[in-house]
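Notes for the one structure printed next.
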Amino acid sequence: MATSPPNPERMLGIYLNDHLAGSTLGTALAARIARRHRGTATGRELDALAREIRADRASLHGAMRSIGVRVAPHKVALAWLAEKAGRLKLNGALWTPTPLSSVLELEMLALGVRGKAAGWRTLLSRAETDRRLDADRLRDLITRADHQLEALEELRIQAAARTFGGG
């Protein structure tokens, strides 16, 4: 039995809803990390990153609206729950953060930002034929994601040095 080719609009909707779910998790994670480091130089930098990540989520939601993609609330809810569940990890202390928590969380956040940048690049390629998408805005979002990755890597290296010793 022959299968019909995938519907590109449907596939894009699924893809963007997956990114929205990921951004829900990333936004909550960034806010939690920033709160834990509040009152420190690292905390100020993390707070700025958390605000940008929250704004990026809003930009994604706006792009979805502009091209008519409806939000899948169940995916957003599951991502929110996943972030809460992610707080329980084998970091040496089940209920409280340890120095290892910062290293792992910064790595997870960096993975999310890398995925977000890939999503912006996908939308930028779509913007070549879909004028509902703002290509200049997408380029700005890609640049911001690249800067976020650089900042997160520096923070991760510092956290790793504090946790494991070394330079």
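The values are calculated or read from the model by the stated rules, or taken from the named source; none is laboratory data. Note that this is a predicted model, so its numbers are computed, not measured. Note that each Cβ is placed from the backbone with ideal geometry, even for glycine, and that neighbours are counted across all protein chains shown. For accessibility, only protein heavy atoms count, side chains too; no ligands or nucleic acids. Shrake-Rupley method; radii C 1.70, N 1.55, O 1.52, S 1.80 Å.
Over the chain, what is the mean sequence separation of C-alpha contacts under 8 Å (at least six apart), divided by residue count, expressed as relative contact order in percent?
It comes to 24 percent, rounded to a whole number.
So what does I157 come to for accessible area, using a 1.4 Å probe and Å² rounded to 10?
Rounded to the nearest 10, that gives 80 Å².
Where does the chain land at 222 nm, in deg cm²/dmol rounded to the nearest 500, when only DSSP H runs of n ≥ 4 count, each adding -39500 (n - 2.57), divided by all residues?
Value at 222 nm, helices only: -27000 deg cm²/dmol.
Quick check: with the 1.4 Å probe, what order do H37, H61 take by accessible area, largest first?
Solvent-accessible surface, decreasing: H61, H37.
Between rounded, prolate and oblate, where does segment 32-81 land on the alpha carbon gyration tensor, with a ≥ b ≥ c its root eigenvalues, rounded for a/c under 1.5, else prolate if a/b exceeds b/c?
Oblate shape, in that a/c is at least 1.5 and b/c is the bigger or equal ratio.
Taking Cα centroids, how far is segment 96-167 from segment 14-69 in Å?
Between the Cα centres of segment 96-167 and segment 14-69 lies a distance of 10 Å.
Kindly give Rg over Rh for segment 103-167, based on alpha-carbon atoms, with the Kirkwood expression for the hydrodynamic radius.
Radius of gyration over Kirkwood radius for segment 103-167 works out to 1.18.
What is the pair-distance distribution P(r) of the chain, computed from all Cα-Cα distances in 5 Å bins starting at 0, with each bin given as a whole percent?
1, 8, 16, 20, 17, 14, 10, 6, 4, 2, 1, 0, 0
Compute the signed sum of charges (Lys and Arg +1, Asp and Glu -1) over the other residues within less than 9 Å, Cβ to Cβ, of D56.
+3
Pop a pseudo-label 7 angstrom from the Cα along the beta-carbon direction at both T98 and D136 and give the gap in nm to one decimal.
For T98 paired with D136, the spin-label model returns 5.1 nm.
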